[in-house]
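Working notes, structure below.
Derivation of every value follows stated rules applied to the coordinates shown; laboratory data play no part. Quick caveat: nothing in here was measured; it's all calculated off a predicted structure. Here the Cβ is made from the backbone with ideal geometry for all residues, glycine too, and neighbour counts use every protein chain on show.
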Amino acid sequence: MDILALTIFPELFGPFWEHGIIKRAIDANKITASALNIRDFAKDRHHSTDDRPYGGGSGMVMLPGPLALSIQKARVAARDARTVLLTPQGEVFDQKKAVELSHEKGLILICGRYEGVDERICQDFIDEEISIGDFVLTGGELAAMVVIEAVIRHIPGVLGGSDSAEKDSFNDGLLEHAHYTRPRDFMGNPVPDVLTNGNHKDIEQWRMESALIRTFLKRQDLLKNRTLSQQEINILKKWCSDIESIIKAQSVFGVGALPGDQ
Ligand code: ADE
């Protein structure tokens, strides 16, 4: 995949390309990555990239001219790339979108600044507008990095383990199970026994229950929007009956009463 970020701060991307998963993906020829400076496409002697809005009002708007030229240049470097504008007004980015974008041949990510981008660019040059959440950043650079990182994890061969991305939280609609590493006992808090007894079937079962309970406790919305497997339904039913028997046991003593009260 060819990745091009269009920005007025290309230097922000240097360290990003040079570390971790991005660097590994570049070194393994899974992606190419570069940043184009929108300012290099400005025609006036001040190299302006913004101007005051027609109709008045506060803030500045990114000029269409330099943006259009930089997009054209990027499209020559990355043929058939998808052109994405990072903006808080876009569709909110999620794991599904990350997987979808990972199938693209290229991504041109336009990092908006100022109050916004001239509407004619949005209409005629952009395939898609993406937001990384309902909050406002000063510019789209950090948002572009978030999108790049989330997308390239799904390109085959970019992550170490072949199935690591599939096991990520959200990929099967559940949060990930709890993780533990050494020491076996940390400040009096031991690792669950099942993880240390070497029984892989038990470990798989525990991980599935752990993923299910974490999703139930933290993100019930994910469970509501997902078709549950029969095994997952059985686990939920078992919890229901366990909870009911705890409540039933309480009613023997009366609500709010303690066992010793009788
Ligand atoms: N630019 C400014 N805020 C943004 C956001 N929330 N997502 C994407 N790009 C942005």
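Summary of values
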{"read-out": "Assigned charges on the beta-carbon of Lys, Arg, Asp, Glu; segment 189-252 dipole about Cα centre (debye)", "value": "260 debye"}
{"read-out": "Segment 2-152, Rg to Rh (Cα coordinates; Rh as Kirkwood inverse mean 1/r)", "value": "0.95"}
{"read-out": "Among A78, I130, V99 - extreme Cα towards positive end, dipole of segment 15-139, charges at beta-carbon", "value": "A78"}
{"read-out": "Amide proton proximity set for G106, modelled H, under 5 Å, gap of 5+", "value": "D2, R82"}
{"read-out": "Length-normalised contact order for the chain - Cα pairs under 8 Å, 6+ apart - percent", "value": "16 percent"}
{"read-out": "Per-peptide average of other Cβ atoms within 10 Å, ordering 50-57, 114-121 highest first", "value": "114-121, 50-57"}
{"read-out": "Under-5 Å amide H pairs with A35, H placed in peptide plane, nonlocal only", "value": "A5"}
{"read-out": "Two-site label geometry, F186 and K43: point separation in nm, points 7 Å out along Cα→Cβ", "value": "5.9 nm"}
{"read-out": "Protection proxy ranking, peptides 79-91, 125-137, average beta carbon neighbours within 10 Å, highest first", "value": "79-91, 125-137"}
{"read-out": "Karplus-derived HN-Hα couplings along segment 166-178 (A = 6.51, B = -1.76, C = 1.60, θ = phi - 60°), whole Hz, x at Gly and Pro", "value": "5, 8, 4, 3, 6, 4, 10, x, 10, 6, 6, 5, 5"}
{"read-out": "Over 25 Å between alpha carbons, listed pairs K96/K238; K96/K224; K218/K238; K30/K201; K96/K218", "value": "K96/K238; K30/K201"}
{"read-out": "Cα-derived Rg over Rh, computed across segment 189-252 with Rh taken as Kirkwood radius", "value": "1.05"}
{"read-out": "Charge dipole (debye, nearest 20) of the chain; +1 at Cβ of Lys and Arg, -1 at Cβ of Asp and Glu", "value": "320 debye"}
{"read-out": "Distance in nm between pseudo-label sites at Q250 and K224 (7 Å out along the Cβ direction from Cα)", "value": "2.4 nm"}
{"read-out": "Under the Karplus curve 6.51 cos²θ - 1.76 cosθ + 1.60, θ = phi - 60°, whole-Hz ³J(HN,Hα) for segment 125-130, x wherever Gly or Pro sits", "value": "10, 10, 7, 7, 10, 10"}
{"read-out": "Local electrostatic count at F9 - Lys and Arg +1, Asp and Glu -1, tallied over other residues with Cβ under 10 Å", "value": "0"}
{"read-out": "The chain: antiparallel DSSP beta bridges as a percent of all, rounded to 5", "value": "15 percent"}
{"read-out": "Evaluated at q = 0.10, 0.13, 0.14 Å⁻¹: base-10 log I(q)/I(0), Debye formula over Cα of the chain", "value": "-0.68, -0.93, -1.02"}
{"read-out": "Spatially proximal aspartates and glutamates relative to K23 (Cα-Cα < 15 Å; intrachain offsets below 8 disregarded)", "value": "D2, E149"}
